[in-house]
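See structure below.
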Amino acid sequence: MRLEVELHHYQTEWDEFWSYVGSKSEQRWTWYLIERQSGIIIAWENGRRQDKVLQRLLDSVSHIPITVCHTDDWKAYSRLFPRHYRHLIGKDNTWKIERKNLNFRTHIKRLNRKTICFSKNEKIHDNVIGMYIEKYYFRHGNFADAVAA
């Protein structure tokens, strides 16, 4: 008898987008990564644009066999990514996640840069983004099926 095991290694795109809570001086960043083939959001983290927020996101996906990471040139990625990640930098490799940023801003009015709609509370702000991700990007597609199994 022969046992065949299929190992998955994921190529990902990583990015972050800003919005604000209360006033434009109170920026709130959403960091996230997608599985490149399916476009499914694997994980996300809300907070400031600081290394510790990216580190929390990295910690939350440490159990996932990620091999390739496509990012923009923000230096925190190079500083914090584990050595076993193959890190490719360039906007030409992040077009899927950049398109998803546009979808976020189009679908969630409070994320639009020029709007009178904005969040007044960080918890509510983060929950709105989290519910949107859960409904449209996290529980659908190949990655979600693999996680559920």
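No value in this document is a laboratory result; all are computed from the given coordinates. All figures in this text were calculated on a predicted structure; none of them were measured in a lab. Ideal geometry is used to build each Cβ from the backbone, glycine not excepted, and the neighbour counts take in all protein chains shown.
Under the rule a/c < 1.5 gives rounded, and otherwise a/b versus b/c splits prolate from oblate, where does segment 10-148 land using the Cα gyration tensor? Taking the square roots of the gyration eigenvalues as a ≥ b ≥ c, segment 10-148 is prolate. Within a straight-line Cα-Cα reach of under 19 Å, Lys109 can be paired with the following lysines, leaving aside sequence neighbours fewer than 8 residues apart in one chain: Lys24, Lys100, Lys120, Lys123, Lys135. Would you be so kind as to identify which of Ser38, Trp18, Leu58 lies farthest towards the positive end of the dipole of segment 1-71, taking Lys and Arg as +1 and Asp and Glu as -1 on Cβ and the Cα centre as origin? Going by the Cα projections, it comes out as Trp18. Working note: Karplus 6.51/-1.76/1.60 with θ = phi - 60° gives segment 12-28 the couplings 10, 10, 10, 7, 9, 9, 10, 8, 9, 10, x, 8, 5, 7, 9, 5, 10 Hz, where Gly and Pro are set to x. Taking amide H as placed 1.01 Å from N in the peptide plane, the amide H of Leu88 sits under 5 Å from that of Cys69, His70, Thr71, each at least 5 places away or on another chain. Between His8 and Lys109, what is the FRET efficiency for a Förster distance of 41 Å, r being their Cβ-Cβ separation, to the nearest 0.05? Efficiency at R0 = 41 Å is approximately 0.65. For Ile66, the residues whose modelled amide H falls within less than 5 Å of its own, excluding neighbours fewer than 5 places apart on the same chain, are Tyr10.
Our coupling estimate for segment 42-50, obtained by passing each phi through the Karplus curve with A = 6.51, B = -1.76, C = 1.60 and θ = phi - 60°, is 7, 7, 8, 8, 9, x, 7, 8, 10 Hz, Gly and Pro reported as x. The fewest-to-most ranking of Arg110, Arg48 by surrounding Cβ atoms within 10 Å reads Arg48, Arg110.
Protection proxy ranking of 38-44, 77-83, by the mean of other Cβ atoms within 10 Å over each peptide's residues and highest first, is 38-44, 77-83.
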